[in-house]
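First the structure, in the form of structure tokens, and then the observations on it.
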Amino acid sequence: MFAHFERGSSEVDWCEANYEFSPSIAEFFNTISNVIYLVIPPFIAYLFRPYSNHVGQGINIIWVLLVVIGASSAYFHATLSLVGQLLDELAILWVLMTAFALWAPKWIVTYCPFYGERCRLAYLMVLFGIFGTLLGFIYPIANAFALLLLGIPLVFLIVSEVKESSNKKVKRLGFFCTFWWVVAIVVWVNDRVFCDIWTRISFPYLHCAWHILIFVASYFACVIASHQYAVKEFPQFKPSIAYWPDASYQLGFPYVTVHSDDEKDLIA
């Protein structure tokens, strides 16, 4: 068991050369690129305070888990240990299941009598999470399949929500979410499959770009999902997508605001 904590115990090794810039950090740029997961989510949680107070506190779990992903991924790339790999993959697994529990369309929640209410779906996701975590430590190869099985339905749900919406901001954000997601996948494949080519031109650092790009795409997906959920479940709050710091040109961090008839913006 302790061997799984040893440096280099993971079979996964990315294109970046090991211990090139630091004797204690295996993949230097892949490690420090995770700082975006540690710095941005607390600020996002601040922007979403009115939303979380009036629509649901569950969204804060997503922001906390993003920080966990960043810390786990940094630990993995710094050590290339099997435990680091498992923590990284399982943190992603829990984010996907939490997102599904929070924002699954109502027809999914009510379609199967076994679900009943959304809280029961959340309990089911927790059970799946515990099972997936145990299975991941026993059979690490199962993590990739679990992420694929959960990730694909969530992508289709986001696409369907964007297609269904007539909101121009949702459409615009959906376009950029898709664009950055595709770019992220291309970058990941290039780092994994064409490492020799990128090494020859002295740029084996694509995986750190993947960290940033997939964070952006995932965050955009969270904004879309949380907005659509609020529109359908809490229309009295008139949810809308805003941008910080510049709302007029829709630049910066998108987030969801909530309103009421007697208040311009609901505040914490």
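The values are calculated or read from the model by the stated rules, or taken from the named source; none is laboratory data. Nothing here was measured: the structure is a model prediction, and the numbers come from that model. Note that each Cβ is placed from the backbone with ideal geometry, even for glycine, and that neighbours are counted across all protein chains shown. Note: accessible area is taken over every heavy atom of the protein model, side chains too, but ligands, DNA and RNA are not part of it. Shrake-Rupley method; radii C 1.70, N 1.55, O 1.52, S 1.80 Å.
Data overview
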read-out: Given (1) within 13 Å of the chain's Cα centre (by Cα); (2) of a type in the set (Val, Ile, Thr); (3) farther than 23 Å from GLU233 by Cα, number of the condition THR178 does not satisfy; value: (1)
read-out: Failed criterion for ILE224 (all others in (1) in contact with an Asp or Glu (Cβ under 9 Å, 6 or more places away or on another chain); (2) surrounded by fewer than 16 Cβ atoms within 10 Å (Cβ to Cβ) hold); value: (2)
read-out: One residue from ILE185, ILE212 being within 26 Å of PRO41 (Cβ to Cβ) and either of a type in the set (D, E, K, R) or touching a residue at least 40 places away in the same chain (Cβ under 8 Å) (or both); value: ILE212
read-out: When residues of the range 143-197 are limited to those that are surrounded by 14 or more Cβ atoms within 10 Å (Cβ to Cβ) and of a type in the set (S, T, N, Q), the one farthest from ASP88 (Cα to Cα); value: ASN167
read-out: Residues of the range 14-31 satisfying the condition of being open to solvent by 70 Å² or more (accessible area, probe 1.4 Å) and among the β-branched types (Val, Ile, Thr); value: none
read-out: Number of positions in the range 39-59 that are in a helix (DSSP H, G or I), out of contact with any Cys (no Cβ under 9 Å at 6 or more places or on another chain) and crowded, with 16+ Cβ neighbours inside 10 Å; value: 8
read-out: Any hit, the range 65-87, residues being touching a residue at least 60 places away in the same chain (Cβ under 8 Å), crowded, with 16+ Cβ neighbours inside 10 Å, among the aliphatic types (A, V, I, L, M) and within 15 Å of TYR255 (Cα to Cα); value: no
read-out: Within the range 48-68, considering residues that are closer than 15 Å to THR257 by Cα and of a type in the set (Gly, Ala, Ser), the one modelled with the lowest pLDDT; value: GLY56
read-out: Qualifying residue in the range 237-246 (condition: open to solvent by 50 Å² or more (accessible area, probe 1.4 Å), within 24 Å of HIS54 (Cα to Cα), of a type outside the set (Val, Ile, Thr) and in a loop (DSSP other than H, G, I, E, B)); value: yes
